[in-house]
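Notes to accompany the following structure.
Coordinate-derived values only; no laboratory data. Keep in mind that this is a model prediction, so the values were computed, not measured. We place every Cβ from the backbone using ideal geometry, glycine too, and count neighbours over all the protein chains shown.
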Amino acid sequence: MERDAAQLAGHIDNGHIEFEGLPNTRDLGGMPAADGKRIRTHRLLRSGLLAPATRADLARLHDDYELCLDIDLRTDEECAERPDPVAELPGLRFVHLPVFQEPAAGVSRSETDMDRVLAQVKRGEVEPAQLMITLYPNMLLSDEGITAYRTFFEEILACEIGAVLWHCTAGKDRCGMASVLMEMALGVSWEVIFADYMATNRFYGLAVVDGVPEDPFNGVDARYLNAAADAATREFGGMLGYIDRALGIGADARAELKARYLV
């Protein structure tokens, strides 16, 4: 298997954690970041849906990772359909931060949303990749998205011990964007950030040609992230400008994150 930029930089297997029921759960730990340091392991986790976690998976999150904060980026409908197993993780604090509530391009992954969008695709009314390319800037620039990602950082800054996990349903779009923002705040290079984002295709077994996955809904596409980055550059001068000016996570807050999560 050809190694991507993140793996070449020492982020072994893109931080993938082998769980029984969670195919796309990864540890940001090991990524090269600011000042020649790396992200601390067992502290910043990204994931997809947590509902399929087995008892062994939950025990590992509790015992091995000391999970203390679960940030759920899904809609109310998704949370109601497949709630997080919060009661099975003693001491866990659950925070719900929907990046959007209205159905959006099937990304919400609720049953009704997916049925609606797939029917539209079948009728030729929508083109899946273009819908996602439109959605990504909206995740960053909408009032709901800004509120969710601002609070995402604030909640992590308030969590001084244990590990933090954030997720959506597939762990690739809303969760992927949260991961991009955190990695950017910690000084990870764009090349490594991009590779970490694209790694989701590998963990779902999707073929990719020229940055385009065989399944536009279940994979990640280079064009999606580029659309978000272009929007942040247009409105705020770049992703770091977005974090600073849109989210209000300034130099002092980023320094605190680096002091806590880099080694």
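Amide H contacts of LEU262 (H built 1.01 Å from N, in plane; Pro and chain starts excluded): ARG40 sit under 5 Å, all sequence-distant by 5 or more or on other chains. Using the rule -39500 (n - 2.57) for each DSSP H run of four or more residues, divided by the residues of the chain, the 222 nm mean residue ellipticity is -12500 deg cm²/dmol.
When peptides 75-86, 40-51, 14-25 are sorted by average Cβ neighbour count within 10 Å, with the highest value leading, the order is 40-51, 14-25, 75-86.
Between ALA163, ALA185, ALA253, the residue with the greatest mean-square fluctuation in the GNM of the chain (Cα pairs under 10 Å linked by springs) is ALA253. Short-range pairs are left out: with C-alpha atoms under 8 Å and at least six residues apart, the relative contact order of the chain is 23 percent. Sparsely packed loop sites in segment 120-200 (the trypsin sites (Lys or Arg not before Pro) outside DSSP H, G, I, E and B with at most 14 other Cβ atoms within 10 Å) comprise ARG123.
Annotation: amide H of LEU44 within the under-5 Å range of LEU28, GLY29, VAL164, sequence separation 5 or more or interchain, hydrogens built in the peptide plane.
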